[in-house]
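The values are calculated or read from the model by the stated rules, or taken from the named source; none is laboratory data. Nothing here was measured: the structure is a model prediction, and the numbers come from that model. Quick reminder, even Gly has a Cβ in these numbers, built from the backbone with ideal geometry, and neighbours come from all protein chains shown.
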C-alpha cells in the first residue's frame, strides 16, 4: 500500500509486531482462538479449502462486492477490540474486511483462524492482503496460502514498485499460489492504478490468464493530486483492456502530507463508482479514519445527473513501450501475427496491427485505438511462460518461437502517482 507516514516504522517494527500480537490476543475470545493451526501444504489442505470455498460461495460468491475496509494492524483498529470493530463496521455498512496477513515471506499472526472465524460468525467476509517484493516469489506464495488455509475469502496482492521488471518472479508467484490454492480461488491485484506510468510492471502476468480474477487499483486521487473524475477516467482507460472486473480502492485517509479527503469527495467517489458499474468499493484504511469520513462512507448518496464515464480504451501506437504493448502483442500473436513480444511498438508491430486491421475490416492506420482493442480482445492472449536462461530472460510462446523477455521490463517508472520517497515505489521500510 502507498505507505508514506505509515511506512516509517523501521525503528519500531519489532515493538509494533509485539504490540500487534498482544492486542490481537486480548481482543479475541478464547473460543475464537481455539481454532488456529494446520500443518504444511498438501492434498489434505487443498481438500479442506475446496470444502470451505463451496460453503462460502453459496453465501457470497464475490467478497469484493459491497463496501470493504482495509486494516493494517488489528491492534490499532478500535484498539484491537473485536466487538468494537464489528459494531463500527455494521454501523457503516462494511461487508468485507481486508486484513494484512503477510509482508513478503513473513506471515502476520494477527490473521489467525480464530479472528477470521469470529468475523465470519458476525456476518463479514474477510480478505487477506499481502505486500509482495519478488525476491522469493515461491516463499511469498506459500505465505499467502497460509492465510487462505486460515479461512480468507479472497487474497489481495499488494504488488508495487518492488515488482517492476519482475516478469519471471510474478509468474512464479502466481503459478505457485494457484498450484496450492486452486484455479478458482479469488485473487485480486491491488497495485498501481496508472498502467502507463509503470511500463516495466508485469500487469499482463498478475492480470493474465490463470492469475488474479479481479483488479483493485489504488485510486488515491488525493495523493495523486488529481480529481475524483480524473482518477476514474485514467484508471479505467488503461486497465479495462486486461479484462478483469475493476473494484476501485479509494482513500478515506491520506497517505501523503496532503490533508484527508473531504467528505464531499468520498461521497463523489462512491457515486462515480456506480456510474462506472463497479460492483464494490473498498477503502484505505481503518486506522486514522475520522468520524465525519466514516459517515461519508455510509450515508445514502444518489446518482450523478449528466455524468458520462469514460467507456473507451487508451490508444497505443508507434514508439509506445510497456506492458500494454506486451498485452497487445500477445493478442496479435494469438490472432496469427508473427511478431516478437518485446513490449516495444516498433515497425514490425505496426505492420502486424495494420494487417490485423485489414483482416477485420478496420481502417489500417497502425494505431491500436478503441475499435482495434475491441477486435483484439476477442482473442485470448498467447500463452507465455517467462523463464530465465543464463543472464537472459526468454519467453516461450505457444505456437511461436522462443523470444527474449520484453525489453520494456527494464524500463523505469515514468512517474509515481505520489512521490517515490513517500512510499509508492521506495525500497521497503517496514
Can you tell me which residues in region 263-307 are out of contact with any helix residue (DSSP H, G or I) (no Cβ under 8 Å at 6 or more places or on another chain) and farther than 23 Å from residue 65 by Cβ? 288, 290, 291, 305, 306
Tell me, which residue of region 370-405 that is outside any strand (DSSP E or B), under 26 Å from the mean Cα position of the chain (by Cα) and farther than 14 Å from residue 331 by Cβ is modelled with the lowest pLDDT? 405
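Looking at 270, 305, 274, which one is at negative phi, out of contact with any strand residue (DSSP E or B) (no Cβ under 8 Å at 6 or more places or on another chain), assigned to a helix (DSSP H, G or I) and free of Cβ contacts under 8 Å to residues at least 40 places away in the same chain?
Values: 270 fails: out of contact with any strand residue (DSSP E or B) (no Cβ under 8 Å at 6 or more places or on another chain); 305 fails: assigned to a helix (DSSP H, G or I).
It is 274.
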Residue 286 vs. criteria in contact (Cβ under 8 Å) with a residue 60 or more places away in the chain, surrounded by 16 or more Cβ atoms within 10 Å (Cβ to Cβ), assigned by TED's automatic domain parsing to the domain that holds residue 230 and not in a strand (DSSP E or B): yes
Checked against (1) more than 18 Å from the chain's Cα centre (by Cα); (2) crowded, with 17+ Cβ neighbours inside 10 Å, residue 217 satisfies every condition except (1)
What is the number of the single condition among (1) free of Cβ contacts under 8 Å to residues at least 60 places away in the same chain; (2) within 25 Å of residue 108 (Cβ to Cβ); (3) surrounded by fewer than 24 Cβ atoms within 10 Å (Cβ to Cβ) that residue 173 does not meet? (3)
Residue tally, condition in contact (Cβ under 8 Å) with a residue 60 or more places away in the chain, surrounded by 17 or more Cβ atoms within 10 Å (Cβ to Cβ) and in a loop (DSSP other than H, G, I, E, B), over region 311-329: 3
Exactly one of 358, 305 is modelled with pLDDT under 95, surrounded by fewer than 16 Cβ atoms within 10 Å (Cβ to Cβ), over 25 Å from residue 205 (Cα atoms) and not assigned by TED's automatic domain parsing to the domain that holds residue 260, and that one is 305
Considering 128, 77, which residue is surrounded by 22 or more Cβ atoms within 10 Å (Cβ to Cβ), farther than 24 Å from residue 214 by Cα and modelled with pLDDT of 95 or more? 77
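Does residue 61 satisfy the condition of being under 24 Å from residue 274 (Cβ atoms) and more than 17 Å from the chain's Cα centre (by Cα)? If you could, list the steps in order and put the result at the bottom.
Values: under 24 Å from residue 274 (Cβ atoms): yes; more than 17 Å from the chain's Cα centre (by Cα): yes.
The answer is yes for residue 61.
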When you check residue 102 against the structure, is it touching a helix residue (DSSP H, G or I) at 6+ places or on another chain (Cβ under 7 Å), modelled with pLDDT of 95 or more, in a strand (DSSP E or B) and surrounded by fewer than 24 Cβ atoms within 10 Å (Cβ to Cβ), yes or no? yes
Can you tell me which condition residue 416 does not meet? The list is (1) farther than 16 Å from residue 238 by Cα; (2) part of a loop (DSSP other than H, G, I, E, B); (3) at pLDDT below 95, and all the others hold. (1)
